[in-house]
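S.K.: Sharing a structure below in structure tokens format, with a few things to ask.
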Amino acid sequence: MEDCLGSDEEYYYSDQDSLDVIENEDSDLPWILPKGPTTKVITKESLLTAQKEDLRRVMDLLFLREHHARTLLIHHRWDVEKLFAVYVEKGKSWLFAEAGVTVVDHQDLDPSPPNSPVMCAICIEDVPSNETTKMDCGHCFCNSCWTEHFVVKINEGQSKRIRCMAHKCNAICDEAVVRNLVSKRHPQLAEKFDRFLLESYIEDNKRVKWCPSTPHCGNAIRVEDDQFCEIECSCGLQFCFSCLLQAHSPCSCLMWELWAKKCRDESETVNWITVHTKPCPKCHKPVEKNGGCNLVSCICGQAFCWLCGGATGRDHTWSSIAGHSCGRYKEDKEKNAERAKRDLYRYMHYHNRYKAHTDSFKLESNLKESIQKKVSISEEKDSNLRDFSWVNNGLSRLFRSRRVLSYSYPFAFYMFGEELFKDEMTEEEREIKQNLFEDQQQQLEENVEKLSKFLESPFDQYNENEVMDVRMQVINLSAITDTLCQKMYDCIETDLLGSLQLGIHNIAPYKSKGIEKASELPVSWVNNANNANNADKGPALHCGTSGGSTELEQASGFGSSDESGCSSRKRARKEGLGGGFDLNLPAEVDRSDS
């Protein structure tokens, strides 16, 4: 059922369109940053910047090379604060050992002569020392064995944390060595490895998620504090950061998922079938009665009694069926039919009101153009009224309030039903809470309809006094609906969900100025950061003069695929950061001809 609210980015204005009356009250106060999460848009250009920020913090605190810092962050899912907490609580040694980081200086060891043979413990063959590589953990094997090991692990989806081949060694291999050795034989696989390292900042980071836009805009969103929030991406899509579905507060994520499924699938058709049909006892297909006789025949040929559903013969009269009697009352079947009918009517009550406000929202969205024409006509008049910002402010408030009102009905359906909170409230508590909520819902509904009425009025044809009356009504009703929305959210969080399963049913906080629009992360210093980091990195240590001694430049892909090469449902845009990847293709596809 396509009746869910779509993205309304074209109807929501920036935070500058707040109500005049509210702005006047706060005009003498210093400007204060709004409370709530600080959200950032991570574009394909700023992904490296975002990753470097966290890497630099860890590198500066623990005096590590970049690949060691990345290993620690991937192990802790890019939670820098958690990493620092573990460091303070358990110390550096435990932190490194748990993440598989080995920081050992092998420079004091005498390197083997370049051409002296070294036996590889994996393939048990003697190879020249310049064809071997030693990791930070001190284990040394031939480059061929290392390469095959890396290829297998990358194809298995373990490219973010490839461990040393030595028995019971948990050390993570140097990403520069992996990249260098794999690129010599499998350059496309090296691209895949770089891509997964880069994307790990988003895929493994609980504070960062891809924008769920379709087609994908290529952006990711990072939040700093509250993960139960609603965000507007720079592409204009507004969505819930927790479940990545459309913004749906005051519904919780679970409530909205259940409601969307209920509206989308045939669950209510099943309810109708239960109420109005009986299953054939032979083929079990639903049969609808179309006559007055209680002997019903299915298309399969089976005759059965409509009253009890039992199979019978065809001999009957208007009052009885030969050889069949079902006059005894069977409570369970009657109760089930009555319950199905009651549940269907209850769903229809809430769905009809949800759909009505959704349709009103869509119809009112067409007001924008017509109201702008009215404003233009009014501004051209020879009148003392020049400021019509109250119109746009009222229109924005109408959209926001209407949206809250429409989602309040799915919330009420589950809040006061038996599907989620059957054992959480007594019948008396349920009735009290339902009356409290419905009173607030009714007040909000009345004022939203009044606001809609005044905004639709032909104020461009009114005289100056009538326009002033409309202006005051719109301003007052805008302030009232804003207050009522806030009170409804407070009621839900405190009085309704406060004593229940709040951990499961968190809702995004109410934003008077609308859903917060994420700001783009700056990328001005990314090149300098890359150069500084490359200068800090020393060569990987090898048994001889082995290959892979220097770290290649980071590839800069930006996409979203899982490590098995399959496309993720959150696909990024086609272009890569460095132009090296086609991100509409899975990571294992050959791109050499593109």
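The values are calculated or read from the model by the stated rules, or taken from the named source; none is laboratory data. Note that this is a predicted model, so its numbers are computed, not measured. Cβ: placed from backbone, ideal geometry, glycine included. Neighbour counts: every protein chain shown. With ligands, DNA and RNA removed, areas are computed over all heavy atoms of the protein, side chains included. Shrake-Rupley method; radii C 1.70, N 1.55, O 1.52, S 1.80 Å.
S.K.: Nearest 0.05, what FRET efficiency do Glu449 and Arg77 give at R0 = 51 Å with Cβ-Cβ as r?
M.R.: About 0.60, to the nearest 0.05.
S.K.: Modelling each spin label as a point 7 Å along the Cα-to-Cβ direction, I'd like the Cys169/Ile273 distance in nm, to one decimal.
M.R.: Label-label distance for Cys169 and Ile273, simple model: 6.1 nm.
S.K.: When the gyration tensor of segment 40-97 is built from Cα positions, what are the square roots of 5 times its three eigenvalues, in whole Å, from largest to smallest?
M.R.: Listed largest to smallest, the semi-axes of segment 40-97 are 22, 11, 9 Å.
S.K.: Once fully extended, how much extra length lies between Asp60 and Asp439, figured as 0.36 nm per residue of separation less the alpha-carbon to alpha-carbon distance?
M.R.: Answer, rounded to one decimal: 130.8 nm.
S.K.: Which FRET efficiency value, to the nearest 0.05, do you get for Lys381 and Lys282 by plugging their Cβ-Cβ distance into 1/(1 + (r/R0)^6) with R0 = 56 Å?
M.R.: 0.10
S.K.: On alpha carbon coordinates alone, what is the Rg over Rh value for segment 133-265, Rh being the Kirkwood radius?
M.R.: Answer for segment 133-265: 1.16.
S.K.: Using a 10 Å cut-off on Cβ atoms, rank the peptides 38-47, 439-448, 464-473 from the highest mean neighbour count down.
M.R.: Per-residue mean Cβ counts within 10 Å order the peptides as 38-47, 439-448, 464-473.
S.K.: Using the Cα centre of segment 115-186 as the reference point, and only Cβ charges (+1 on K/R, -1 on D/E), how large is the resulting charge dipole? Debye, rounded to the nearest 20.
M.R.: Result for segment 115-186 is approximately 300 debye, rounded to the nearest 20.
S.K.: Would you list Phe84, Phe459 from the most to the least accessible area, probe 1.4 Å?
M.R.: Most to least solvent-accessible, the answer reads Phe84, Phe459.
S.K.: Something else about it: Given a Förster distance of 35 angstrom, what is the FRET efficiency for Asn463 paired with Lys487, based on the Cβ-Cβ distance and rounded to 0.05?
M.R.: Once the sixth-power term is evaluated, E becomes 0.45.
S.K.: My understanding is that a pair violates if its Cα-Cα distance is over 23 Å; which of Lys52/Lys134; Lys341/Lys433; Lys40/Lys82 do that in this structure?
M.R.: Lys52/Lys134; Lys341/Lys433
S.K.: Another one. Could you work out how much longer the chain between Ile299 and Lys422 gets when fully extended? Use 0.36 nm per residue separation minus the Cα distance between them, nm to one decimal.
M.R.: Stretched fully, the Ile299-Lys422 segment lengthens by 40.2 nm.
S.K.: Here is a further query. Can you give me the three principal axis dimensions of segment 346-403 from its C-alpha atoms, in Å, biggest first?
M.R.: Extents along the principal axes: 55, 16, 11 Å.
S.K.: Accessible area of segment 457-500 with a 1.4 Å probe: how many percent of it is carbon plus sulfur?
M.R.: 45
S.K.: Under a 1.4 Å probe, what is the accessible area of segment 425-517 per residue, stated in Å²?
M.R.: Each residue of segment 425-517 exposes 52 Å² on average to a 1.4 Å probe.
S.K.: On to the next question. Could you give the distance between the Cα centres of segment 442-477 and segment 61-77, to the whole Å?
M.R.: 59
S.K.: So what is the accessible area of segment 40-97 per residue, in Å², with the probe set to 1.4 Å?
M.R.: Accessible area per residue, segment 40-97: 41 Å².
S.K.: Carbon and sulfur together cover what percent of the accessible area of segment 69-207 at a 1.4 Å probe radius?
M.R.: The computed percentage sits at 49.
S.K.: Over segment 180-295, give the accessible area per residue in Å² for a 1.4 Å probe, as an integer.
M.R.: 41
S.K.: Under a point-charge model restricted to the Cβ atoms of Lys and Arg (+1) and Asp and Glu (-1), what is the dipole moment magnitude of segment 40-97 relative to its Cα centre, in debye to the nearest 20?
M.R.: In debye, rounded to 20, segment 40-97 gives about 100.
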